[in-house]
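Every number here is computed from the coordinates shown, using simple stated rules; none is lab data. Only a predicted model underlies this, so the values are computations on that prediction, with no experimental measurement involved. Cβ placement follows ideal geometry from the backbone for every residue including glycine, while neighbour counts extend to all protein chains displayed.
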């Protein structure tokens, strides 16, 4: 294994952590952004036989440039299947998706997520995007991994709106509601990694990111957070994992300030896109992909 | 003029006649005040949306049904045309926060908007029920969440076969559907290349269908690969030839997303004044789609095409 990287960003640490959750041979439902980075790292390191499905109708793509949204043309590149959303969403409802990455603006102790509104539903303080496919994946994927920012206010006692189900109000609740997917297995945030207790279904802190203090994590959670008796420090990304992410996303569009750099700068964008081909082809060849 | 929708009836096939027209003609013929409009996201029908904005004084108000939209629905929302939005997701994706949508939903600027929410698959299955001519579809999403709590149209019931809970969503049959696809012949056999989201389903659910395409091809070209036909002619009312018709979004194998442009549009959409200035220049200030493309620059658009085709071209592995 490649040695640990000395220089890496927090988003790179999060993506590498999620990459370690993906097992070889699996079929994963992946959105763009950080989950895509995680999926690419997994494919190029520990899970070469893993493939991803993309929400608007693609399966098994192998792109050599950065996908920019779930219906992006890039998601068709060298794919095994392209076509309808009904195919991929139908397959995931029928249980063909092993793992899915989702996110939210708020989360509660049972891993339920809100990505719809902050404040009252009918008179929102902040209107957010809405479910998209997140509720569908949270309902039916065999397991979900949640990636989100932890800002000190968004790990709440009660959600303003429950968009995507975790374990609802605790043990047995998913079954009673008729949900057949397995629910969340991990929450990877800007502060640490959380798991869910098998008996209580409640989230506990399993790992803490390097340099983050436990008291700060506890202060950023609005309920009395359980902490693993074997609390570990999150494994840093390896040099190879960081190299893979920076090859696919050299301007840190997803993992840094790339979007600001590219706003209105067509030449910089096209240069990034046109020049992505050879480094990615070389990387794929070196991995036998 | 108040639009009188035609009642959908089984067997209402559109004839196999030439249907090629301009976006201006298609929009003025089929989209009117209070039209219930379905919009596909893959690919984004930008050329048709720009034309709807140009005719906004005549159209006045629309009810919109979408699954997930990135940017394009907000081009309509910012004009004040949208009274109601049935949706799963409306945001900027990689372009970030959708300030147009936030202003409408939080402050009623430029107009209060009624929002009816589903999950993505939930909304897609409403179109599916509409396409199949049945009253509803059952699905295993949205159970246990707050989505049905705030949307009484979603019924959570026990399935009569297994006695397990399922969510029912009602059929959706929009008056008009708009979408952008790869190619079609003159009578409206439409072929999508690459991923096409729910455009096939939406076309089957709607009473009238307007499709803009990158290329108009011969009937023989359609007949070479009839299994690529995602929408046969009998669903289709109008074919609009609009090369680059999804810009700033993508059309698989033709050109990719113009991210530098999209990010800049979203920056301008940050304020209502910025939004209006952009609309004035790029939509109301252009006579038609070709005029818009000239303003953006065909050099730029062709570079997006070359860049896309460096990576993928239909029928080849690159």
Worksheet item: Among A:266, A:155, which comes first, then next, by fewest other beta-carbon atoms within 10 Å?
Response: A:266, A:155
Worksheet entry | Förster-model FRET efficiency, 22 Å R0, residue A:158 and residue A:126, C-beta, rounded to 0.05 | 0.85
Item to complete: Please give, to one decimal in nm, the separation of the simple spin-label points placed at residue A:197 and residue A:232, each 7 Å out from Cα toward the Cβ.
Response: 2.1
Item to complete: Using the number of other C-beta atoms within 10 angstrom as an exposure proxy, rank A:29, B:314, B:244 with the fewest first.
Response: B:314, B:244, A:29
Worksheet item: Using the alpha-carbon atoms, what tilt in degrees (0 to 90, nearest 10) does helix A:34-44 show relative to the longest principal axis of chain A?
Response: 60
Item to complete: Please give the FRET efficiency for residue A:239 paired with residue B:60, using the beta carbon to beta carbon distance and R0 = 41 Å, rounded to the nearest 0.05.
Response: 0.10
Worksheet item: Calculated FRET efficiency, residue B:12 and residue B:215, Cβ-Cβ r, R0 25 Å, to nearest 0.05?
Response: 0.35
Worksheet item: If you bin the C-alpha pair distances of the range A:111-216 every 5 Å from 0, what whole percents do you get?
Response: 2, 12, 21, 24, 19, 14, 7, 1, 0
Fill in: Cβ crowding within 10 Å averaged over residues, with A:113-126, B:125-138 ranked highest first
B:125-138, A:113-126
Worksheet item: Quick one: helix A:277-286 against the long Cα principal axis of chain A, what's the angle to the nearest 10°, folded into 0 to 90?
Response: 80
Item to complete: Can you tell me the relative contact order of chain A? Whole percent, Cα pairs under 8 Å, sequence separation 6 or more.
Response: 19
Worksheet item: Taking only the alpha carbons of chain B, what extent do you get along each of the three principal axes, in Å, biggest first?
Response: 59, 49, 46
Worksheet entry | Rounded to 10°, Cα long-axis angle of helix A:10-19 versus longest principal axis of chain A | 90
Discussion item. What value in Å³ per residue do you get for the convex hull of the alpha-carbon atoms in the range A:177-289?
Written reply: 216
Worksheet item: If you count, for every residue in B:48-60, the Cβ atoms of partner chains within 10 Å of its Cβ, what is the mean?
Response: 0
Worksheet item: Quick one: what does P(r) look like for the protein assembly as shown with 20 Å bins over all Cα pairs, in whole %?
Response: 21, 56, 22, 1
Worksheet item: How far apart, in nm, are two points set 7 Å out from the Cα along the Cα-to-Cβ line at residue B:302 and at residue B:223?
Response: 3.4
Worksheet item: When the convex hull of the C-alpha atoms of the range A:10-238 is computed, what volume per residue in Å³ does it have?
Response: 127
Worksheet item: For B:250, B:116, what's the fewest-to-most ordering of other Cβ within 10 Å of each Cβ?
Response: B:116, B:250
